[in-house]
Amino acid sequence: ACFDSLLEMVKPFLTKQDTCMRKAISAEEKLAVTLRYLATWRNMKDLRFSAIMSTAAMGQAIMDTCEALLYSLQS
């Protein structure tokens with residue numbers, strides 16, 4: 001239930017459109033990998049094996065999600 005309420009708060013900030021080159025990473029996956037990173041403090045290389053994104057994409061997703069969480073929770 002907490003995940004769903006957090007997702008509803010940050011989804012408008014994290015949702016991207018698919019392109020002809022690749023499918024966009026979903027807001028759900030971005031939030032899940034961010035929460036997993038914040039909960040475990042494992043490095044990106046370890047988390048890469050439990051996510052469907054590259055290390056670079058994961059780093060960007062974590063930063064974007066943290067910014068969206070801060071903005072959403074301050075309101």
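The values are calculated or read from the model by the stated rules, or taken from the named source; none is laboratory data. Remember, predicted model here, so these are calculated numbers, not experimental data. Counting neighbours? That spans all protein chains shown, and the Cβs are built from the backbone with ideal geometry, glycine included. Please note that ligands, DNA and RNA were not included when accessible areas were found on the heavy atoms of the full protein model with its side chains. Shrake-Rupley method; radii C 1.70, N 1.55, O 1.52, S 1.80 Å.
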Quiz prompt | Flag for residue 31 being at pLDDT 90 or above, of a type outside the set (D, E, K, R) and assigned to a helix (DSSP H, G or I) | solution = yes
Self-check item: Complete set of residues in region 34-43 that are more than 12 Å from the chain's Cα centre (by Cα) and in a helix (DSSP H, G or I)
Solution: 39, 40
Quiz item: Among the residues of region 30-43 satisfying the criterion of being open to solvent by less than 80 Å² (accessible area, probe 1.4 Å) and of a type outside the set (A, V, I, L, M), which is farthest from residue 56 (Cα to Cα)?
Solution: 40
Self-check item: Residues being within 19 Å of residue 71 (Cα to Cα) and among the basic types (Lys, Arg) - total across region 28-53
Solution: 1
Quiz item: Does region 32-62 hold any residues that are within 28 Å of residue 1 (Cβ to Cβ) and in contact with a Ser or Thr (Cβ under 6 Å, 6 or more places away or on another chain), and which are they?
Solution: 34, 62
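Can you tell me which residue in region 1-27 is least open to solvent (accessible area, probe 1.4 Å), limited to those that are free of Cβ contacts under 8 Å to residues at least 24 places away in the same chain and closer than 13 Å to residue 68 by Cα? Give the steps one after another, and end with the answer.
In the first step, residues of region 1-27 are kept if they are free of Cβ contacts under 8 Å to residues at least 24 places away in the same chain; the result is 1-2, 4-5, 8, 11-12, 15-24, 26-27.
Remaining after also requiring closer than 13 Å to residue 68 by Cα: 8, 11-12, 15, 27.
Details: 8: 125, 11: 73, 12: 98, 15: 82, 27: 4 Å².
Residue satisfying both the conditions and the ranking: 27.
Is it the case that some residue within region 5-15 is touching a Cys at 6+ places or on another chain (Cβ under 9 Å) and either part of a loop (DSSP other than H, G, I, E, B) or modelled with pLDDT of 90 or more (or both)?
Applying the first criterion (touching a Cys at 6+ places or on another chain (Cβ under 9 Å)) to region 5-15 yields none.
No, that holds for no residue.
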Self-check item: Single residue of region 44-73 satisfying the filter (in a helix (DSSP H, G or I) and among the β-branched types (Val, Ile, Thr)) that is most open to solvent (accessible area, probe 1.4 Å)
Solution: 55
